[in-house]
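The values are calculated or read from the model by the stated rules, or taken from the named source; none is laboratory data. Remember, predicted model here, so these are calculated numbers, not experimental data. Neighbour counts run over all protein chains shown; Cβ positions are idealised from the backbone, glycine included.
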Amino acid sequence: MSLVIALDGPSGSGKSTVGRHLARVHGLGYLDTGAMFRAAAWYCHHRGIDLDDAAAVVDAVATLPLELDLDPDATGVVVDGVDVTAAIRTTEVTTHVSRVATNLGVRAELKASQRAIIAREGTPQGWSEGRGIVAEGRDITTVIAPDADVRILLVARAEARLARRALELHGSADDGALEATRDQIERRDADDSTVSQFLAAADGVVTLDSSHLSLAETLAAAERIVAEQR
Ligand code: C5P
């Protein structure tokens, strides 16, 4: 049977690291749904679409020319023939992505593509089996793949998440770097939580709190959850 793992959590919780690790260990594809919302935000900006024009944004996303690499070691993102792998991680996209992601029409469009990818990768096909997939985001355990074999909510104390993001973005977790990151993380989590429920685990979803765990301990704990739940 091919394995489908759903993984949610707030920004800086370590979802991508855990998700990629589980995909490698189990030979699964890896779908970063945040990258899809980021690509949508980049595309709207690229086409000069006003993010407050909800209908125009939905129209653009409905025909989003997006190519995603599902290999956990080669997570390239191409939009309209342009390699946007780095561009979708800039502060500008990070600042505006929630405006696109809280547009319910956009969520409906991306939900359909995410479900299609998960169904394709997670379903036995003909003689061969789909390889299975890890899908990570904010609403995978609840809306996109509530029937996944394994559902995990990865959480961490706000201070731990802040320190990780500051290190990632500014190469330091000193006071200046923490303050520069705090606003961005807090606002984004507050905006995102108006449309998806990722701050508390839904029924049947296992919570993994990495606040006091090292990276190696977090990965080992995630592996144990998969072994127990699958
Ligand atoms: O996970 P990441 O920080 O890359 O996600 C970027 C943004 O995409 C989030 O801030 C959120 O607005 C949106 N998102 C979402 N639902 C998901 C995944 C991401 O709304 N399943």
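Kindly indicate whether residue 11 is modelled with pLDDT under 95, touching an Asp or Glu at 6+ places or on another chain (Cβ under 7 Å), away from the ligand (no atom under 16 Å from the Cβ) and not in a helix (DSSP H, G or I). When the stated conditions are applied, residue 11 does not pass them. Of the listed requirements (1) under 23 Å from residue 19 (Cα atoms); (2) touching a helix residue (DSSP H, G or I) at 6+ places or on another chain (Cβ under 6 Å); (3) of a type outside the set (Gly, Ala, Ser), residue 83 misses just one: (2). From (1) crowded, with 18+ Cβ neighbours inside 10 Å; (2) within 15 Å of the chain's Cα centre (by Cα); (3) charged (D, E, K, R), pick out the condition that doesn't hold for residue 115. Only one criterion in (1) crowded, with 18+ Cβ neighbours inside 10 Å; (2) within 15 Å of the chain's Cα centre (by Cα); (3) charged (D, E, K, R) is unmet by residue 115, namely (1). Residues in region 97-148 that are of a type in the set (D, E, K, R), touching a strand residue (DSSP E or B) at 6+ places or on another chain (Cβ under 6 Å) and under 18 Å from residue 9 (Cβ atoms): 136, 138. Scanning region 22-51 for residues that are away from the ligand (no atom under 14 Å from the Cβ), in contact (Cβ under 8 Å) with a residue 40 or more places away in the chain and either within 18 Å of residue 141 (Cβ to Cβ) or outside any helix (DSSP H, G or I) (or both) gives 22, 23, 26, 27, 28, 29.
Conditions tested, residue by residue: (1) among the aliphatic types (A, V, I, L, M); (2) in contact with a Ser or Thr (Cβ under 9 Å, 6 or more places away or on another chain); (3) assigned to a loop (DSSP other than H, G, I, E, B).
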| residue | (1), (2), (3) |
| --- | --- |
| 56 | yes, no, no |
| 59 | no, no, no |
| 64 | yes, yes, yes |
| 99 | no, no, no |
| 111 | no, no, no |
| 114 | no, yes, no |
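Take the conditions (1) at pLDDT 95 or above; (2) assigned to a helix (DSSP H, G or I); (3) more than 10 Å from the ligand (Cβ to nearest atom); residue 147 misses just one of them, which is (2). Would it be correct to say that residue 168 is among the charged types (D, E, K, R), within 15 Å of the ligand (Cβ to nearest atom) and either within 20 Å of residue 101 (Cα to Cα) or in contact with a Phe, Trp or Tyr (Cβ under 7 Å, 6 or more places away or on another chain) (or both)? Considered against the rule, which asks whether it is among the charged types (D, E, K, R), within 15 Å of the ligand (Cβ to nearest atom) and either within 20 Å of residue 101 (Cα to Cα) or in contact with a Phe, Trp or Tyr (Cβ under 7 Å, 6 or more places away or on another chain) (or both), residue 168 comes out as no.
Scanning region 90-102 for residues that are farther than 13 Å from residue 43 by Cβ and surrounded by 15 or more Cβ atoms within 10 Å (Cβ to Cβ), we see that the one that is modelled with the lowest pLDDT is 94.
Anything in region 73-85 that is modelled with pLDDT of 95 or more and either within 16 Å of the ligand (Cβ to nearest atom) or more than 22 Å from residue 116 (Cα to Cα) (or both)? List them, or say none. Those that are modelled with pLDDT of 95 or more and either within 16 Å of the ligand (Cβ to nearest atom) or more than 22 Å from residue 116 (Cα to Cα) (or both): 77, 79, 82, 83, 84, 85. Return the residues of region 177-230 that are among the aliphatic types (A, V, I, L, M), in contact with a helix residue (DSSP H, G or I) (Cβ under 6 Å, 6 or more places away or on another chain) and in a loop (DSSP other than H, G, I, E, B); say none if nothing qualifies. Those that are among the aliphatic types (A, V, I, L, M), in contact with a helix residue (DSSP H, G or I) (Cβ under 6 Å, 6 or more places away or on another chain) and in a loop (DSSP other than H, G, I, E, B): 202, 205.
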